[in-house]
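See structure below.
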Amino acid sequence: MTPAERQKLETIETLASSLLARHLPQWSFSFNRQRRTLGLCRYREKRIELSLQHALAGNLDQAKETILHEIAHGLAGPRTGHGPRWQQVMRDLGQNPRVTAKTEYDLDDYTWAIVRKEGNDLHWITGRYRRPQRTSHWMLRGQPHTLGTVYYCRFSDYAAFSQGMIPFAEVALYQ
Ligand SMILES: [Zn+2]
């Protein structure tokens with residue numbers, strides 16, 4: 001890591017800490033090694049996380065946008081997703097309550113993950129709070145070739161796999 005990169009991370013951390021102190025004083029901030037998610041809101045741990053890779057690749061405005069997106073999840077509370085309550089909090093924070101492809105990857109506190117299996121890799125589709133029914137007949141809209149590739153697994157398994165903490169073979173997949 002270059003001195004400039006280190007400086008950038010320090011600036012982001014200071015920014016996140018001051019935003020948290022103002023909006024979620026009991027919460028903490030950390031970077032993580034996620035590659036597929038820009039930000040995470042961990043309700044149980046009361047922690048906002050930002051992808052280190054995303055922080056290094058993007059600019060400060062993008063980092064701030066993601067941090068506020070996650071803070072809005074923290075303020076809206078668990079199981080509210082990107083619904084009306086979260087949107088209102090975003091407006092209260094002076095943010096546009098849109099969910100762009102870039103910020104949509106936060107994973108909230110889902111219990112189950114719906115994923116597409118491609119070889120020994122998993123691609124996030126969506127999250128669920130209740131155990132899904134059978135997914136063997138599911139496919140992505142307009143993509144009949146994905147029929148039979150949609151599975152579900154425990155969100156904790158998906159999160160561990162996507163962070164490189166467990167190998168593919170240890171993810172219990174269900175259809
Ligand atoms: Zn979100």
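For the subset of region 1-20 comprising residues that are of a type in the set (S, T, N, Q) and under 23 Å from the mean Cα position of the chain (by Cα), which member is nearest to residue 59 (Cα to Cα)? Top of the filtered list is 11.
The set of residues in region 31-68 that are of a type in the set (Gly, Ala, Ser) and farther than 21 Å from residue 4 by Cβ contains only 39.
Can you name the residue in region 90-101 that is within 11 Å of the ligand (Cβ to nearest atom) and farther than 24 Å from residue 130 by Cβ and, of all such residues, is modelled with the highest pLDDT? Result: 90.
Scanning region 29-70 for residues that are in a loop (DSSP other than H, G, I, E, B) and under 17 Å from residue 15 (Cβ atoms) turns up 38, 58, 59.
The values are calculated or read from the model by the stated rules, or taken from the named source; none is laboratory data. Here the structure is a predicted model, which is why all the values come from computation and not from measurement. Glycine gets a Cβ as well: all are built from the backbone with ideal geometry, and neighbour counts include every protein chain shown.
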